[in-house]
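Below you'll find the structure, written out as structure tokens, and then a few comments.
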Amino acid sequence: MNLEKQRKKVDNALGELKACKRIYREEKSKFIEAEDHLVYAEEAQSLIQKVSQQIQQKIHRQISTVVTKCLVMVTEDNYGFKINFERKRGRTEADLILLYDGHEINNPLNSDSGGIVEIAAFALRVSCLLLTKPSLDRVLIMDEPFKSISNEYQENVKKMLTYLSKSFGFQFIIVTHIQNLITGKVIKL
């Protein structure tokens with residue numbers, strides 16, 4: 001009788017062992033599948049990061065070219081613009097930086113810049129319109145733009161507007177009291 005009990009215990013233990021081996025094989029198969037998915041996910045993430053970096057670089061070139069061109073046209077000086085992209089907390093953040101002679105301008109809003117920030121902000125709006133897909137109508141309506149632009153730069157602002165209009169097909173509708181900014185068709189109210 002004791003032998004029969006031992007035989008049942010052994011049979012039960014063998015059954016449990018068989019079940020454990022089956023579960024182990026299933027779990028091992030799931031683990032291998034999960035590892036494969038992880039490899040594919042990491043490859044996809046790497047590819048997405050490379051593509052996003054290329055897009056960021058392309059956008060940076062387009063934006064900085066337009067903004068720098070506008071700054072130089074208006075000031076006839078060595079101003080520039082760049083964007084620093086930085087990954088923080090799983091997101092990409094962009095710092096917009098004004099340059100003079102290749103050096104960053106610290107706190108450009110509080111510096112005596114003759115309206116450089118206003119030109120840069122305007123050029124950023126132009127850049128955004130140029131980058132939209134599908135293309136939007138390139139019409140900007142502005143109320144009293146360039147009011148902080150120094151008198152010495154106002155004639156150059158007209159040249160910049162003419163350049164943007166001819167080069168990129170922009171139309172500008174400007175409401176202003178500054179006589180030096182009047183260009184193109186004029187409607188007096």
One residue from Glu152, Glu118, Glu76, Glu104 being surrounded by 17 or more Cβ atoms within 10 Å (Cβ to Cβ), over 30 Å from Ile48 (Cβ atoms) and among the charged types (D, E, K, R): Glu118
Qualifying positions in the stretch 141-165 - within 16 Å of Tyr79 (Cβ to Cβ), outside any loop (DSSP other than H, G, I, E, B) and hydrophobic (A, V, I, L, M, F, W, C): Val157, Met160
Scan of the stretch 172-189 for residues that are loosely packed, with under 14 Cβ neighbours inside 10 Å and of a type in the set (S, T, N, Q), ordered by number: Gln179
Output for the stretch 87-140, where each listed residue is assigned to a strand (DSSP E or B) and in contact with an Asp or Glu (Cβ under 9 Å, 6 or more places away or on another chain): Arg87, Thr92, Glu93, Ala94, Asp95, Ile97, Leu98, Tyr100
Residues within the stretch 109-157 that are farther than 20 Å from Lys58 by Cα, in contact with a helix residue (DSSP H, G or I) (Cβ under 9 Å, 6 or more places away or on another chain) and among the β-branched types (Val, Ile, Thr), tallied: 6
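Read the figures in this text as sums done on the coordinates, not as results from a lab. Since this is a predicted model, take the numbers as computed values, not measurements. Here Cβ is always computed from backbone atoms with ideal geometry, including for glycine, and neighbour counts include all displayed protein chains.
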